[in-house]
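See structure below.
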Amino acid sequence: MLSSKLKEIGLTVIALSIMIGFNSANAQWQTNGTSIYYNNGNVGIGNTSPAYKLCIYLAGDSRELIEGTTGAALRLKTGAGCWEFQQTDASGGARFRLNQINPSVVGDVLTITNTTFNVGLGISSPGCKLQVNGGAAIGFSSSKTPPTNGLAVSGAVVIGSGSINPGNALLAVNGQMKAREVVATVTGWPDYVFSPTYSLKSIKDVEHYVKTNRHLEGIPTAEEVQDKGLPLAEMQGKFLKKLEETTLYLIELKKENEALTARLNALEQKKD
């Protein structure tokens, strides 16, 4: 019985000694109910010289982090530093990275490298690499409202694999395009050909131009089409112009044919 009492007293003395030593060395820690706080200096875990209010270090890694094995799992800094969140896989490679190491250097800001991940915006179960439930805007430096469930793009869009240079075009497709209908807005539709003041070239002039240049006047050559492509809206207008000019030639030939037929009928009547 006495032995148990002495043992209990001994343990109490040891506990009091530890508490007295801890409190004398760490009197800056304060309590508030069940909370503990510290208002002076910095707190470091794994480092005796923390540079910020809370720095948690991993052995062998000089970067601030919460936990990790090969890289920072969470790193938050201000001033000259930066912020970083990274999740690594079993081999140490990054599967998800939210990163901005140096604000003055452009680098990876958000990277998802895991091939099984799908990203959804406005949807909890995306069925592909990126699925957006709603409108999206790309390339705008200020606020932009896209069409409902549509896409607004500032700049060129390239569709298809392989090398293709959009040049001045806003849409470049390396492959076939299929549509039920294409509506083009054009100006200068060639109805002016039927104006009474329109100067129609003679058939002789047309023949001379074709023999000399090997293509219709106003129509690009095969070499030009191969090099620059074929502007469909513009060419539709040019083709219509040639069709309307051909219509005028046919009307003129019809009149000449009717005049010749009348002369032949007159000559035959004189013979009779």
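The values are calculated or read from the model by the stated rules, or taken from the named source; none is laboratory data. Model, not experiment: these values are computed from the prediction. Here the Cβ is made from the backbone with ideal geometry for all residues, glycine too, and neighbour counts use every protein chain on show.
Descriptive notes on the structure:
- Considering segment 154-189, and only residues there that are hydroxyl-bearing (Ser, Thr, Tyr) and modelled with pLDDT under 90, the residue that is nearest to residue 142 (Cα to Cα) turns out to be 185.
- Condition check for residue 213: within 22 Å of residue 241 (Cα to Cα) and either in contact (Cβ under 8 Å) with a residue 24 or more places away in the chain or surrounded by 10 or more Cβ atoms within 10 Å (Cβ to Cβ) (or both): yes
- Count of residues meeting criterion [surrounded by 10 or more Cβ atoms within 10 Å (Cβ to Cβ) and over 26 Å from residue 245 (Cβ atoms)] in segment 168-209: 6
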